[in-house]
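> After the structure tokens below, expect a handful of questions from me.
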Amino acid sequence: MKRGRRRAKNAEAFNAILRWEPTRREFLIGGAAYALNEFSTKTKVNPGTLSGFAAGERFTVGYADRYKVIKEFPGAFAPGDAEKFLDDEHLRLLRRSPLVLLDPPTSPHPPLEQGQRLLICSSYTEAIREFEAVYNLAAAQGDYALQADAAARIAWAWFEQGAYETSREWVRRGIRLIEKRTGANFDQIMDSIRPGSQSSLCPLNEEASHVLSRLLQVNYKNFIERVLYCERDDLRWKAMQTVELSLLLDRHLQLSAAVGHDLRWQAVLIISANEPQKALAKSMLGESHELFGDDSLGAAYLARDRGIFHWQTERYRWSNASLSQAIDRLASFADSRALGPTFCVLSNVVPEVGVDLRAARRFALAGAVLHPHGFVLQNAQTHIRNGTRLGLIRDIDDLLSGAKPFEKVAPVLSQLTDGSSGALRKRLDQNLSKILGQNVQSWLHGSSTRPARI
């Protein structure tokens with residue numbers, strides 16, 4: 001009886017929509033025909049499952065595979081079909097807020113967009129593989145703009161992992177490709193858009209102009225992050241020079257959102273100086289705010305930047321409030337890449353407002369579980385080394401149960417996986433293993449044996 005109740009409901013009705021045409025050997029759905037392997041690639045349903053269905057050996061298509069088909073071909077289903085064909089778990093997945101495509105911008109080139117989605121979901125190895133495939137194909141075709149776009153996205157993926165020098169090398173490759181495309185060197189390109197120039201080498205609607213904007217953006221973020229979090233003040237002049245060039249280009253291209261990001265990063269750089277220009281930085285944050293909608297992702301980033309502003313000017317209670325607000329906003333966008341540094345900064349702020357060191361460690365751990373890379377990872381490992389074994393065991397138990405301050409972790413990571421409990425636990429396992437530097441899989445899956453060392 002139990003096994004019978006587990007069978008997917010309304011099998012005949014679903015099968016009528018998911019039709020197999022034996023004579024043409026194609027799936028017919030949503031007014032289009034797809035060969036078995038093509039249909040498997042689009043839906044991510046196992047080809048063996050589809051082959052069994054086509055051969056009449058598998059009558060009931062399971063809920064997980066139904067979910068994949070409905071998600072890929074929503075137009076093939078009538079209103080109310082999701083409720084008819086899915087169980088509660090997969091219906092919740094279908095109704096989740098769609099993943100917001102964060103920086104860098106999406107691309108009309110499908111493989112680049114696929115890589116972009118992987119990057120947003122922190123699947124960096126897979127994202128880089130997609131981008132490199134485009135990079136190599138564009139090289140073979142002599143398409144310098146597309147090749148540079150792929151290079152910019154590879155640079156972004158390495159930057160997110162804290163691999164700064166590798167990221168910089170891909171930026172340099174991308175700029176060399178833009179130089180080939182325009183037939184001018186970088187200095188000539190930038191001089192052409194300065195006030196008083198008679199001819200611009202960066203036309204507003206030219207693809208290569210926008211690719212150069214992305215290259216400069218990831219480049220200055222690379223420098224500023226190291227100045228702010230890695231105590232590399234020797235890079236401050238280079239960071240300032242790069243962000244100013246980016247701002248010059250983005251104003252020329254009339255990219256208001258990009259200008260907003262340039263200004264907020266420049267403000268963060270200015271406020272972190274030994275003699276910070278508070279009024280100037282505050283003005284830049286204000287100008288940036290005017291370029292973003294109140295409920296936009298840019299506004300969420302600004303909440304974090306204001307927290308950094310107050311942190312650097314030793315207004316710790318204000319910083320605590322701004323960073324907490326930023327966490328709520330960034331979580332609504334499932335932006336784990338921005339949440340990691342936000343929690344990281346908060347872990348350094350809360351001891352200054354009288355909160356105990358255990359709370360600081362928990363914030364550091366939350367940040368690293370969301371983004372276990374670079375300075376965020378190092379910050380968490382430092383806090384862990386300064387704590388106790390028993391304290392960390394309690395922290396991880398609270399993390400897995402979703403207790404505060406970890407209540408944002410599971411919902412965000414769920415958005416970045418397929419949403420199933422198994423995929424979420426796998427991601428938690430992977431990230432915790434990276435933080436602790438050892439295999440904790442058996443412990444996290446309910447084994448009574450704790451890791452020997454923490």
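> Apply the Karplus curve 6.51 cos²θ - 1.76 cosθ + 1.60, θ = phi - 60°, to the phi angles in region 188-197 and return the couplings in whole Hz, x for Gly and Pro.
5, 4, 5, 4, 6, 10, 6, x, x, 5
> Another question about this same structure. What FRET efficiency comes out for Ser192 versus Gln141 if R0 is 22 angstrom and r is the Cβ-Cβ distance? Round to the nearest 0.05. Mind showing how you got there, number by number?
Details: r = 27 Å, r/R0 = 1.22.
So, using R0 = 22 Å, E works out to roughly 0.25.
> Still on this model: Going by how many other Cβ atoms sit within 10 Å of their own, how do Met284, Met190 line up, fewest first? Walk me through the numbers on the way to the answer.
Working: Met284 25, Met190 19.
Least crowded to most crowded, the residues run Met190, Met284.
> In straight Cα distance, which lysines are under 18 Å from Lys84, not counting same-chain residues fewer than 8 positions off?
Candidates past the 8-residue exclusion: Lys9, Lys68, Lys71.
> Once you charge only the Cβ atoms, +1 for Lys and Arg and -1 for Asp and Glu, what is the size of the charge dipole of region 2-94 about its Cα centre, to the nearest 20 debye? The partial results should precede the final answer.
Details: 17 positive and 12 negative charges, 71 e Å.
Dipole size: approximately 340 debye.
> Give me the one-decimal nm value for the distance between modelled label points at Arg385 and Cys230, 7 Å along each residue's Cα-to-Cβ direction.
1.8
> From the phi of every residue in region 119-124, what ³J(HN,Hα) in whole Hz does the Karplus formula 6.51 cos²θ - 1.76 cosθ + 1.60 yield, where θ is phi - 60° and glycine or proline is x?
After applying 6.51 cos²θ - 1.76 cosθ + 1.60, I find 4, 4, 7, 6, 8, 5 Hz.
> Now, a different point. So how far apart, in nm, are the two label points at Leu400 and Ala321 if each is 7 Å from Cα heading toward Cβ?
So the two model labels end up 3.8 nm from each other.
> Further question: What angle, in degrees between 0 and 90 and rounded to the nearest 10, separates the Cα long axis of helix 63-72 from the longest principal axis of the Cα atoms of the chain?
Once rounded, one gets 60 degrees.
> Then there's this: Just subtract the alpha-carbon distance of Ser296 and Glu207 from 0.36 nm times their residue separation and send over the number in nm, one decimal.
Numbers: separation 89, 0.36 × 89 = 32.04 nm, distance 2.51 nm.
Contour length minus Cα-Cα distance gives 29.5 nm.
> Using the Cα centre of the chain as origin and beta-carbon charges of +1 (Lys, Arg) and -1 (Asp, Glu), tell me which of Gln415, His109, Ile178 is placed farthest towards the positive end of the dipole.
It is Gln415.
> Which of (i) 67, 59, 39; (ii) 99, 55, 36; (iii) 73, 62, 38 is the computed Cα extents along the principal axes in Å for the structure on display?
(iii)
> Only Cα pairs under 8 Å and at least 6 apart count here; give the relative contact order of the chain as a rounded whole percent. Display every interim value, and only then the final one.
Details: 570 pairs, mean separation 36.3, N = 454.
About 8 percent, as a whole number.
> Explain nothing, just compute: Karplus ³J(HN,Hα) = 6.51 cos²θ - 1.76 cosθ + 1.60, θ = phi - 60°, for every residue of region 166-182 in order, whole Hz, x for Gly and Pro.
With the stated coefficients, region 166-182 comes to 5, 4, 4, 5, 6, 4, 4, 4, x, 5, 4, 5, 5, 4, 5, 5, 8 Hz.
> Give me the dipole magnitude in Debye, nearest 20, for the chain about the Cα centre, with unit charges on the beta carbon: positive for Lys and Arg, negative for Asp and Glu. Mind showing how you got there, number by number?
Values: 59 positive and 51 negative charges, 342 e Å.
With only Lys, Arg, Asp and Glu charged at Cβ, the dipole is about 1640 debye.
> Separate question: In nm, what is the difference between 0.36 nm times the number of residues separating Thr166 and Asp418 and their Cα-Cα distance?
Details: separation 252, 0.36 × 252 = 90.72 nm, distance 2.97 nm.
Here the segment from Thr166 to Asp418 would lengthen by 87.8 nm.
> Before anything else, pin down the relative contact order of region 124-210: Cα pairs under 8 Å, at least 6 apart, normalised by residue count, whole percent. Please list the in-between numbers first.
Numbers: 87 pairs, mean separation 18.8, N = 87.
In percent, rounded to a whole number, it is 22.
> If each residue's Cβ is checked for other Cβ atoms within 10 Å, how do Arg315, Arg304, Arg337 rank with the fewest at the top? Please list the in-between numbers first.
Working: Arg315 16, Arg304 25, Arg337 22.
Fewest-to-most ranking of Arg315, Arg304, Arg337: Arg315, Arg337, Arg304.
> Angle check, please: helix 278-290 long axis (alpha carbons) against the longest principal axis of the chain (alpha carbons), in degrees 0 to 90, nearest 10.
The answer is roughly 40 degrees.
> So how much slack lies between Thr313 and Lys426, counting 0.36 nm per residue of separation and subtracting their Cα-Cα distance, in nm? Don't skip to the end; give the middle numbers.
On the way: separation 113, 0.36 × 113 = 40.68 nm, distance 3.99 nm.
Additional length available on full extension: 36.7 nm.
> At 7 Å along Cα-to-Cβ for each site, give me the label-to-label distance between Asn46 and Lys278 in nm.
Each label point lies 7 Å from its Cα, and together they span 6.3 nm.
> Just rank Thr182, Thr125, Thr388, fewest to most, by other beta-carbon atoms within 10 angstrom.
Ranked by crowding around the Cβ, least crowded first: Thr125, Thr388, Thr182.
> Mark the label point 7 Å from the Cα of Asn15 along Cα→Cβ and return the residues of region 35-59 whose backbone N is within less than 11 Å of it.
53-59
> Given contacts defined as C-alpha pairs under 8 Å and at least six residues apart, what's the relative contact order of region 316-454, whole-number percent?
Working: 155 pairs, mean separation 28.4, N = 139.
Dividing the mean separation by the residue count of region 316-454 yields 20 percent.
> Oh, and also: Along the charge dipole of the chain, Cβ charges K/R +1 and D/E -1, which of Ala364, Asn136, Asn46 sits furthest on the positive end?
Asn46
> Report, to the nearest 10°, how far helix 144-160 tilts away from the longest principal axis of the Cα atoms in the chain, using its own Cα long axis and a range of 0 to 90°.
Rounded to the nearest ten degrees, it is 90.
> Calculated FRET efficiency, Glu352 and Ser256, Cβ-Cβ r, R0 35 Å, to nearest 0.05?
Numbers: r = 36 Å, r/R0 = 1.02.
The computed FRET efficiency comes out at 0.45.
> Please compute the net charge surrounding Cys344, taking Lys and Arg as +1 and Asp and Glu as -1 over other residues with Cβ under 13 Å from its Cβ.
Overall, the nearby charge balance is +3.
Values quoted throughout were computed directly from the atomic coordinates according to the rules given, and no laboratory measurement underlies them. Not measured: the values here are computed from a predicted model. Quick reminder, even Gly has a Cβ in these numbers, built from the backbone with ideal geometry, and neighbours come from all protein chains shown.
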